[in-house]
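One structure follows; several queries about it will come next.
The values are calculated or read from the model by the stated rules, or taken from the named source; none is laboratory data. In this text the structure is predicted, and so the values were computed from the model without any measurement. Every residue, glycine among them, receives a Cβ derived from its backbone with ideal geometry; neighbour counts consider all protein chains shown. Ligands, DNA and RNA are excluded from the accessible area calculation, which covers all protein heavy atoms including side chains. Shrake-Rupley method; radii C 1.70, N 1.55, O 1.52, S 1.80 Å.
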Amino acid sequence: MSRPERPGAPIAVARGAAAPDASPDAMPQAMRAALPSLPCDDGGPVFRAPWEAQAFAMVVALHARGLFTWAQWAQALSEAIAEAQSEGDPDTGENYYRHWMRALERMAIARGLVDPGTLAERKAQWDRAARATPHGKPIELR
């Protein structure tokens, strides 16, 4: 998932599933309140590349399963953004979902969903496959 994507037009997607204990409109409102910098339009979150939508959907699915609250997610994302800024990220918004992925990886490790070695190997496999795949072709992990 660390392969740089070519920028494109924003992609609007459905809001995602609500948490089991929330109405369909309560989850997006709670998410927006916890994540005020989430790129949105009137229809909900927007994405510049398909991988951003997929990363967003993974977080929504994990939240819906009760693995964390939106406040906990906002804290993890804030920490990832602050770390990137301390490393020189200019905070133009272009890297928002890269920070999202960093926070997701850390939270998945912290919650025991994946061990760090397995995650590192899968990322390496993805990078090798992405480099070997011609532009416009689907990336296949073998």
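Which of the residues spanning the range 39-59 are open to solvent by less than 60 Å² (accessible area, probe 1.4 Å) and farther than 19 Å from R106 by Cα?
P39, C40, G43, G44, P45, V46, F47, A49
Hey, another quick one. How many of the residues in the range 119-142 are over 20 Å from R106 (Cβ atoms), outside any loop (DSSP other than H, G, I, E, B) and among the basic types (K, R)?
Summing the residues that are over 20 Å from R106 (Cβ atoms), outside any loop (DSSP other than H, G, I, E, B) and among the basic types (K, R) in the range 119-142 gives 2.
Right, here's the next one. Tell me whether the range 112-130 contains one or more residues that are surrounded by 14 or more Cβ atoms within 10 Å (Cβ to Cβ), without any contact (Cβ under 8 Å) to a residue 40 or more places away in the chain and hydroxyl-bearing (S, T, Y).
No: the range 112-130 contains no residue that is surrounded by 14 or more Cβ atoms within 10 Å (Cβ to Cβ), without any contact (Cβ under 8 Å) to a residue 40 or more places away in the chain and hydroxyl-bearing (S, T, Y).
What is the one condition in (1) in contact (Cβ under 8 Å) with a residue 12 or more places away in the chain; (2) part of a helix (DSSP H, G or I) that G93 does not satisfy?
(2)
Name every residue in the range 73-98 that is open to solvent by 60 Å² or more (accessible area, probe 1.4 Å) and either hydrophobic (A, V, I, L, M, F, W, C) or under 21 Å from Q54 (Cβ atoms) (or both), in order of residue number.
Answer for the range 73-98, where residues must be open to solvent by 60 Å² or more (accessible area, probe 1.4 Å) and either hydrophobic (A, V, I, L, M, F, W, C) or under 21 Å from Q54 (Cβ atoms) (or both): E94, R98.
Go through (1) open to solvent by 40 Å² or more (accessible area, probe 1.4 Å); (2) touching a residue at least 24 places away in the same chain (Cβ under 8 Å); (3) closer than 20 Å to L38 by Cβ and name the single condition L62 misses.
Failed condition: (1).
Please work out if T69 is out of contact with any Ser or Thr (no Cβ under 9 Å at 6 or more places or on another chain), exposed (fewer than 14 other Cβ atoms within 10 Å of the Cβ), at pLDDT 90 or above and among the β-branched types (V, I, T). Step through it out loud before you land on a result.
Values: out of contact with any Ser or Thr (no Cβ under 9 Å at 6 or more places or on another chain): yes; exposed (fewer than 14 other Cβ atoms within 10 Å of the Cβ): yes; at pLDDT 90 or above: yes; among the β-branched types (V, I, T): yes.
Yes; evaluated as a whole, the condition is true for this residue.
Report yes if P36 is free of Cβ contacts under 8 Å to residues at least 40 places away in the same chain, open to solvent by 50 Å² or more (accessible area, probe 1.4 Å), farther than 30 Å from I139 by Cα and not hydroxyl-bearing (S, T, Y), otherwise no. Let's see the steps before the verdict.
Values: free of Cβ contacts under 8 Å to residues at least 40 places away in the same chain: yes; open to solvent by 50 Å² or more (accessible area, probe 1.4 Å): yes; farther than 30 Å from I139 by Cα: yes; not hydroxyl-bearing (S, T, Y): yes.
So P36 passes the test.
Mind counting the residues in the range 99-111 that are part of a helix (DSSP H, G or I), open to solvent by 60 Å² or more (accessible area, probe 1.4 Å) and among the charged types (D, E, K, R)?
Within the range 99-111, residues that are part of a helix (DSSP H, G or I), open to solvent by 60 Å² or more (accessible area, probe 1.4 Å) and among the charged types (D, E, K, R) number 2.
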